[in-house]
Amino acid sequence: MSNYFGPPPRRPSEPHLVYTLHAVHFLLSFFTFGLWAIVWLAMTLINEAKNRQLRDDYANALARWEYDLWYWEQARHEYFRWHEARQLAR
């Protein structure tokens, strides 16, 4: 039996989050008498913003995938129901 509606949609891959190495930044801040703390704070805020965006994008992609999978299953079941009815009518 042909599968003309194509393969099922693929689940999106999980995002690769960006991490701040706090131990390294603490040591750099210690050896620069706190001057590096400004860079540390900026990098932490930037990384958190990137991670938030990655999580939001993944949540949206996952919701879209769930809908596409549901729609694909409905189309598949409808095709098989139609095909069986057609076979019985012969």
So how much slack lies between R11 and A23, counting 0.36 nm per residue of separation and subtracting their Cα-Cα distance, in nm?
0.8 nm
Grab the other residues whose beta carbon is less than 9 angstrom from that of P8, score K and R as +1, D and E as -1, and report the net.
0
Please identify, among T44, T20, T32, the residue showing maximal mean-square fluctuation in a Gaussian network model of the chain using a 10 angstrom Cα cutoff.
T32
Which angle between 0 and 90 degrees, to the nearest 10, do you get for helix 22-31 versus the longest principal axis of the chain when only C-alpha atoms count?
20
GNM result for the chain, Cα springs below 10 Å: residue of E78, E66, E48 fluctuating most strongly:
E78
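The numbers here are math on the coordinates, done by the rules we state, and not lab data. It should be emphasised that the depicted structure is a prediction, and the values quoted were computed from it without experimental measurement. All Cβ positions, glycine included, derive from the backbone under ideal geometry; neighbour counts span all protein chains shown.
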